[in-house]
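Written out below as C-alpha cells is the structure these notes cover.
The values are calculated or read from the model by the stated rules, or taken from the named source; none is laboratory data. The structure presented is a predicted model; accordingly, all values stated were derived computationally and were not measured. A quick note on method: Cβ atoms are made from the backbone with ideal geometry, for glycine too, and the neighbour counts reach across all protein chains shown.
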Amino acid sequence: MKIKRLAPLDNVGFNMTPMIDVVFQLIVFLMLAVDFTNLDLEFVRPALSTQAREDFPPPPDRLTVNIVHRLPDGVTDCPQYRYEKDKLVHPCQIDAHWKIIVRGQDMNDAELLRTLKIEADLDREPVTEKNLHPASNRYLIIRPDASAPAYMIGKVLEACGNKAVKIWRTEIGARNPGATD
C-alpha cells in the first residue's frame, strides 16, 4: 500500500487575535487591581519620636489626613520654612501656608468636618435606644509635617470628636530616628 505524502506548507502561521485579547485583559485587570492606597499620601517630613513604631500592617480602609506646607498660588518661596540637610532650620509661622489635605483635596474646617462625617458613617456602630449617637469604628491617621503648627493637628482632632463624626481610632504619624527607611 502506498502512503500519500502531503506537500509541506510554506506559510504556516497562527492567529494572534486571542493572544492580544488576553494581554489587553491582563493589562486592564492589573490597572484595576493596583494598590492605590499611597495616593492619599502627601510629601511630609514627619516628626521624630523614639516611641514611634512601624505601621505594619496598616488598618484596612484607614483614612489619611495630611498636614502640609503648601504655598498659595503665585507664591514661589516661603521666607520662613527652611530645611538644610533634611533638618528643620526654621519653621513657617504663616497660617495661609499650612493646608489640611484629604485624598488630594485641600480642606477648610467645614469641608473637613463634612468629609470626616461621610467617612465615619461608612463604619458606624448601629443606633440603639441607649446610644442615639454611636461612634464610628473608622481608623484615621494624621500625617503632619514636623514643623506643622499644633493647632492644625488640634483642628483635625476636634473634627474627629465632633458629635456628628465621633472617630476615636486616631493615630499621629511620626518617624523613629533609629528606624531605617
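Of the residues N131, N176, which single one is among the polar types (S, T, N, Q), within 30 Å of R82 (Cα to Cα) and surrounded by fewer than 17 Cβ atoms within 10 Å (Cβ to Cβ)?
On the way: N131 fails: within 30 Å of R82 (Cα to Cα).
Residue meeting the stated conditions: N176.
Looking at E54, E42, E111, can you tell me which residue is among the charged types (D, E, K, R), within 18 Å of R175 (Cα to Cα) and either surrounded by 12 or more Cβ atoms within 10 Å (Cβ to Cβ) or touching a strand residue (DSSP E or B) at 6+ places or on another chain (Cβ under 9 Å) (or both)?
None of the others qualify; the one that does is E42.
Taking segment 62-81 only, how many residues are surrounded by fewer than 19 Cβ atoms within 10 Å (Cβ to Cβ) and among the aliphatic types (A, V, I, L, M)?
Here is the first cut: in segment 62-81, the residues surrounded by fewer than 19 Cβ atoms within 10 Å (Cβ to Cβ) are 62, 70-80.
Going one step further and asking which of them are among the aliphatic types (A, V, I, L, M), we end up with 71, 75.
Residues flagged as surrounded by fewer than 19 Cβ atoms within 10 Å (Cβ to Cβ) and among the aliphatic types (A, V, I, L, M) within segment 62-81 amount to 2.
Screening D106 with (1) at pLDDT below 90; (2) of a type in the set (D, E); (3) surrounded by 10 or more Cβ atoms within 10 Å (Cβ to Cβ) gives one miss only, at (1). What number of residues in segment 18-61 are among the aliphatic types (A, V, I, L, M) and part of a loop (DSSP other than H, G, I, E, B)? Total meeting the criteria: 5.
I'd like to verify a number: residues in segment 82-103 that are over 23 Å from the mean Cα position of the chain (by Cα) and surrounded by 11 or more Cβ atoms within 10 Å (Cβ to Cβ), how many? Don't jump to the end; show me each part of the working.
The first filter runs over segment 82-103 and keeps only residues over 23 Å from the mean Cα position of the chain (by Cα), leaving 82-85, 87-95.
Keeping just the survivors that are surrounded by 11 or more Cβ atoms within 10 Å (Cβ to Cβ) gives 82-83, 88-94.
Of the residues in segment 82-103, 9 are over 23 Å from the mean Cα position of the chain (by Cα) and surrounded by 11 or more Cβ atoms within 10 Å (Cβ to Cβ).
In segment 154-164, of all residues being modelled with pLDDT of 95 or more and either aliphatic (A, V, I, L, M) or touching a Pro at 6+ places or on another chain (Cβ under 6 Å) (or both), the one that is surrounded by the fewest Cβ atoms within 10 Å (Cβ to Cβ) corresponds to L157.
Take the conditions loosely packed, with under 10 Cβ neighbours inside 10 Å, of a type in the set (A, V, I, L, M, F, W, C), more than 30 Å from R124 (Cα to Cα) and under 28 Å from the mean Cα position of the chain (by Cα) and apply them to L30. Does it pass? I'd like the intermediate steps shown before the answer.
Working: loosely packed, with under 10 Cβ neighbours inside 10 Å: yes; of a type in the set (A, V, I, L, M, F, W, C): yes; more than 30 Å from R124 (Cα to Cα): yes; under 28 Å from the mean Cα position of the chain (by Cα): yes.
Spelling it out, L30 is indeed loosely packed, with under 10 Cβ neighbours inside 10 Å, of a type in the set (A, V, I, L, M, F, W, C), more than 30 Å from R124 (Cα to Cα) and under 28 Å from the mean Cα position of the chain (by Cα).
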